[in-house]
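Engineer: Take this structure, written in structure tokens, and hold onto it; I'll ask about it next.
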Amino acid sequence: MYLIMLSKELMAASTRPLLLTILKRGESYGYQIIQDVKHLSGGTLEWSDGMLYPVLHKLQKDGCIQSKWVVSEEGRKRKYYSITETGLGELQAAKAQWLSIHEVFAKIWGPTPQWAME
Amino acid sequence: MFDLEKTIKEWKRKLRKNPAYEDGDIEELESHLLDEIEHLKEDGLSNEEAFLKAIEEMGELESVGSEFYKTRTKKNRPTPLWQHKKWIPILLPNYIKIGLRNLNHDRGNTFINIFGLTTALICCIVIFTYVKQELTFDRFHENSDQIYRLTFQEINRPGARHFATTSPPMGPALLETYPEIEEVVRFRFVDSNILQHQDQQFYEYGVAYADPSFLKMFNFPLEKGNAITALNDINSVILTSEMAEKYFGEENPIGKSLTLDNITTLTVTGVLAPIKQNTHLHFDFIISFQSFSPPPGYPVTVESWGWVSFYTYVRLREGTNPDELQAKFKDFLVINMGEDVGENRILHLQPLSEVYLNSDLRNASTHLLTGNRGYIWAMSAVAAFLLLIACFNFMNLSTAQSIRRGKEVGVRKTLGAQRSGLIRQFLGESILIALLSALLAIIFSIPFSKFVSSLLGMEFIVRLEDFKFIIPIFFVIGLGLGMISGLYPALVMSAFKPVKVLKGHFFNKKTRFDIRTVLVVAQFTIAILLIAGSFIIRQQIQFIQERNLGFEQDQLIVLHMDGQELTRRYDLIRQQIESNPHVISAGMGGGLLDGDNGSVPIFSRDAEDNEGYPMNIYGAHFGFFETMGIEFIQGRGFDESYSTDSVSGIVLNEAAAKIFGWENPLGKHIQVDQITEGQVIGVTKNFNFASLHREIQPLVMFIPPTNMENLFVRVRAGTFSDMLTSLEQTWEEAVPDFPFHFRFLDEHLDEMYQADQRFFKLVTAFTVLTILIACLGLYGLISHFILQRTKEIGIRKVLGATALQIAFLLSKKFILLVAIANFIAWPITWHLMKSWMQNFAYQTDTNFLIYLLSGLIALTVAWLTMSYKSIKAALINPIYSLRNE
């Protein structure tokens, strides 16, 4: 697998739906989320770990996610995030947008363009 | 040994310094860091390695912090407040914030400062435009630096004159003689003409004759017509666009005809484009020079070398040295006018740019516009005064304000501020205010200049195109003002000792010398100077207007009739006019006694030498002296009953008789150049026949062979409109084919002092502004003064002082300062006014009371300004002033 570095703009645009998707599966905390992202993207999405938190905070401020502090069994304090109704709404909208774009690109960049089949 | 816990603590401390991170953030990041380290250690890294790796993964703290900050602010700010841009000095945002906060907090002071500075700057802009306008007359002509006017100076004789004019053959002869001269234009102005197109008939005062090269030498483009040929033919005329509209309306005037004085038919060959630039050449019509012939009875032709009445302009070839050329003119005069003239006359080349401001030459201002260098200086001085006063306000108020700023200075110093930093801060604030004022002034200068122009009837409207000069100049002035007026307060405030200031001690009470005192004195010195100055100017102008001119100027109407008609039918017309019941008497005369006289050499066989003295001449006729009420010392005026009077009667004024030194001048022989000769029949008391700026000159009066065009009519006091209607009726019966044209002599004579009047108005206007600004400053100052002494006032009241006593106590010091200002202002005013008075041959006595009065006015105004504040302070219940902390 080769690495594709995403442009800054694309990163910024995709991070929000990505985080929402991860949180849709269940509540999680920062470190875990980053591990998930790394794992899922196979390294395509590379950002410094610190940069994740401001995005989470922004999402929370916008009402897409909520957070709570949880003390783990080993006594480690972790801030857990979970998705809200608003967040689900936004995710759905984002998903529709991304998919439609994906579809367009798939069509025109696909191996056998449809107009050639006729 | 690497201590992970300690390192993380260290790392957290570093994070806390960054204001972007809040407590929760840091803990969250810490938790992340710990997870990461744990994870890395599982991969077999040591504590230290894991920590470093985790930190690296975390990213650069500064930029991560910025992201945190961004999520928290509403505005989309690219960088957080504390991350200053490289080009903005550290603390600048803070300085601006504090500065604005201060301006807002102390609105009174801010208003006084900005209002004062803005007003002063607006005045400066207006005056600057005026001065620039006055200094740039006639600069718009192409090659204007190669254009010169010929002036003709007499030397080596008593009463020698310097003319702005020369004789008609001079120009063409010069052009022929010297290859350095490229072009010559002669101008001959005519007093007035009647111009007629179809049934439209007007008197015109702006008619001039000029050579064809006029349009080539000067940049007056034609809107219609051919500039090269327009003035070539006889009886062709070009007119300004206003005149074209007046006579022809919408029609195209080219090829149409205008009738001049009911006789000559002129053909319009050109219409000038509107003249927007400033030029001393002031005209409405230009007739081709060929069409010019001397008025009937003048003993001269256009070939007469002695007829010094023509403005002559020459354009030199590029690279010609005017001084070298002028040196050659002596030989030229000898060849053309004889040895005597060559020795006793100088022909000068006067640069075109200097023409407008040289009003001293004879004939310089009779038909051309002239300016006054002295008034330019005076206006510039007034502008400087105003700025100075506004600056002083600024300095005073800022220093006074420093009491409140003292705490700020103390805190800043305690926190490590350097003095230089504080100076920069305070200077920056004053520069900010100055620039703000400059900006406001520039914005308001256009409407203000329009207002002033209409108020004073003067043309100096600030135009948009002036801004390309004004903006950079006023930017620099604003910067400079801010620096100058801010420097002293900045130095004072930055020198505060934090320990003292924070305790509440500001100034060393023992220092008696206080620069504020000096500034207040300076302000009021200027104010008193201007008050006294405007009083004296007013008194002088009144004096001039009310002065006994040697004749009765009231109830005197001048009826004007162009051409030969009046002279030819004088007896009849006079009889008819005098038959009008409103008329007491009527008499014909030459000029309007406004100084526009001819001047010729006067000879006498009975004089000790028969060399000829240059004297003014004036044509008068039967009934003139009686109508004017001119008194005789000896002899009599012209009288119908003496048949010789109209041919050889000569009347001298006292000054002329004195020059000849005769004890009994009656019957003495007089020869008026080549015009006439005869015997003296009377000597009048000196009367003013020219502006009172000049002393009464010798005058020779006779019944001239030339035309006279003015009928002086003495009317009875009564209803003005009845009289005019009746007079017009009589006029129409007497001379039906001439328009009825009248003016009041006193009004006409007042026009000679228009420049003085305007000067007076301007000085008065600016005096009022000066006082206003000075008083505003005083008001601000006393407010601070009172603030400083609030407790003292309270205690005094508690101990039984009356409000009046307290008010007196508070304003005592300032009243004293204004009084001191008086003593400084008086001698300066006296000196300045003395030199201004040199403009006038007749000067009013300035009473010391005027000085006293202006001082008193300044005192009263100052006292009133302060009394509002101080009485208010004195009336406050001591409970409030004492409780207040």
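Engineer: Within the range B:648-683, how many residues are β-branched (Val, Ile, Thr) and without any contact (Cβ under 8 Å) to a residue 40 or more places away in the chain?
Structural biologist: Result for the range B:648-683: 1.
Engineer: Right, next: Where in the range B:612-654 are there strands (runs of 3 or more DSSP E), lying wholly inside it, with at least 3 residues that are more than 30 Å from B:Val308 (Cβ to Cβ)?
Structural biologist: Where strands (runs of 3 or more DSSP E) fall fully within the range B:612-654 and carry at least 3 residues being more than 30 Å from B:Val308 (Cβ to Cβ), they are B:632-635.
Engineer: Hey, another quick one. One residue is enough: does the range A:61-74 have a residue meeting the conditions under 21 Å from B:Glu27 (Cα atoms), assigned to a helix (DSSP H, G or I), within 13 Å of another protein chain (Cβ to nearest Cβ) and in contact with a helix residue (DSSP H, G or I) (Cβ under 7 Å, 6 or more places away or on another chain)?
Structural biologist: Within the range A:61-74 (the criterion being under 21 Å from B:Glu27 (Cα atoms), assigned to a helix (DSSP H, G or I), within 13 Å of another protein chain (Cβ to nearest Cβ) and in contact with a helix residue (DSSP H, G or I) (Cβ under 7 Å, 6 or more places away or on another chain)), the answer is yes, since at least one residue qualifies.
Engineer: Also, I was wondering about something else. If you take the residues in the range B:614-643 that are surrounded by fewer than 23 Cβ atoms within 10 Å (Cβ to Cβ) and among the hydroxyl-bearing types (Ser, Thr, Tyr), which one is modelled with the highest pLDDT?
Structural biologist: Only one residue fits best here, namely B:Tyr618.
Engineer: So which helices (runs of 4 or more DSSP H) are wholly in the range B:713-804 and hold at least 2 residues that are among the small types (Gly, Ala, Ser)?
Structural biologist: B:720-734, B:754-788
Engineer: Can you tell me which residue is nearest to the chain's Cα centre (by Cα) among those in the range B:23-46 that are more than 10 Å from every other protein chain (Cβ to nearest Cβ) and in a helix (DSSP H, G or I)?
Structural biologist: Top of the filtered list is B:Asp23.
Engineer: Let me ask something additional. Among the listed residues A:Gly43, A:Gly50, which satisfies the condition of being of a type in the set (Gly, Ala, Ser), in a helix (DSSP H, G or I) and modelled with pLDDT under 85?
Structural biologist: A:Gly50 is the lone residue from the list that is of a type in the set (Gly, Ala, Ser), in a helix (DSSP H, G or I) and modelled with pLDDT under 85.
Engineer: Picking from A:Thr21, A:Thr15, which residue would you name as being more than 12 Å from chain B (Cβ to nearest Cβ) and surrounded by 12 or more Cβ atoms within 10 Å (Cβ to Cβ)?
Structural biologist: A:Thr21
Engineer: Select from the range B:2-22 the residues that are in a loop (DSSP other than H, G, I, E, B), more than 13 Å from chain A (Cβ to nearest Cβ) and hydrophobic (A, V, I, L, M, F, W, C) and list them in ascending order.
Structural biologist: B:Phe2
Conditions tested, residue by residue: (1) out of contact with any Asp or Glu (no Cβ under 6 Å at 6 or more places or on another chain); (2) not hydrophobic (A, V, I, L, M, F, W, C).
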site	(1), (2)
B:Asp191	yes, yes
B:Ser213	no, yes
B:Leu231	yes, no
B:Lys256	yes, yes
B:Leu266	yes, no
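Engineer: Additional query: Tell me, yes or no, whether the range B:369-385 has at least one residue that is without any contact (Cβ under 8 Å) to a residue 60 or more places away in the chain and crowded, with 21+ Cβ neighbours inside 10 Å.
Structural biologist: No - not one qualifying residue is present in the range B:369-385.
Engineer: Then there's this: If you take just the helices (runs of 4 or more DSSP H) that sit entirely in the range B:261-377, which of them hold at least 1 residues that are closer than 30 Å to B:Ile228 by Cβ?
Structural biologist: Those helices (runs of 4 or more DSSP H) span B:322-337, B:352-355.
Engineer: Those residues that are assigned to a loop (DSSP other than H, G, I, E, B), out of contact with any Ser or Thr (no Cβ under 9 Å at 6 or more places or on another chain) and not aromatic (Phe, Trp, Tyr), I need them from the range B:689-712; list them, please.
Structural biologist: Matches in the range B:689-712: B:Ala690, B:Ser691, B:Leu692, B:His693, B:Arg694, B:Glu695, B:Ile696, B:Pro698.
Engineer: How many residues are within 22 Å of A:Leu56 (Cα to Cα), surrounded by fewer than 17 Cβ atoms within 10 Å (Cβ to Cβ) and of a type in the set (D, E, K, R) when one looks only at the range B:18-46?
Structural biologist: Selection size over the range B:18-46: 3.
Engineer: While we're looking at this one, here's another question. Go through (1) more than 14 Å from chain A (Cβ to nearest Cβ); (2) at pLDDT below 75 for B:Asn102 and report which single condition fails.
Structural biologist: The single condition B:Asn102 does not satisfy is (2).
Engineer: Condition check: in a loop (DSSP other than H, G, I, E, B), away from chain B (no Cβ under 11 Å) and at negative phi. Does A:Glu90 satisfy that?
Structural biologist: no
Engineer: Specify the residue that is farthest from the other protein chains (Cβ to nearest Cβ); the eligible residues are those in the range B:47-60 that are of a type in the set (A, V, I, L, M) and buried (at least 20 other Cβ atoms within 10 Å of the Cβ).
Structural biologist: Once the filter is applied, the top-ranked residue is B:Ala50.
Engineer: Out of all the residues in the range B:260-313, which are of a type in the set (D, E, K, R) and either free of Cβ contacts under 8 Å to residues at least 12 places away in the same chain or not assigned by TED's automatic domain parsing to the domain that holds B:Arg161 (or both)?
Structural biologist: Listed by number, the list holds a single entry, B:Lys276.
Engineer: Here is a further query. Please indicate, with yes or no, whether at least one residue in the range B:6-15 is exposed (fewer than 15 other Cβ atoms within 10 Å of the Cβ), closer than 22 Å to A:Tyr81 by Cα and free of Cβ contacts under 8 Å to residues at least 24 places away in the same chain.
Structural biologist: Taking every residue of the range B:6-15 in turn, none turns out to be exposed (fewer than 15 other Cβ atoms within 10 Å of the Cβ), closer than 22 Å to A:Tyr81 by Cα and free of Cβ contacts under 8 Å to residues at least 24 places away in the same chain.
Engineer: Same structure, new question: Can you work out which of the residues in the range A:24-38 that are surrounded by fewer than 18 Cβ atoms within 10 Å (Cβ to Cβ) and away from every other protein chain (no Cβ under 12 Å) is farthest from A:Ile83 (Cα to Cα)?
Structural biologist: A:Asp36
Engineer: Name every residue in the range B:173-211 that is modelled with pLDDT of 90 or more, among the charged types (D, E, K, R) and outside any strand (DSSP E or B), in order of residue number.
Structural biologist: Matches in the range B:173-211: B:Glu176, B:Glu180, B:Asp211.
The values are calculated or read from the model by the stated rules, or taken from the named source; none is laboratory data. Note that this is a predicted model, so its numbers are computed, not measured. With ideal geometry, Cβ positions are generated from the backbone for all residues, glycine too; neighbour counts draw on all protein chains shown.
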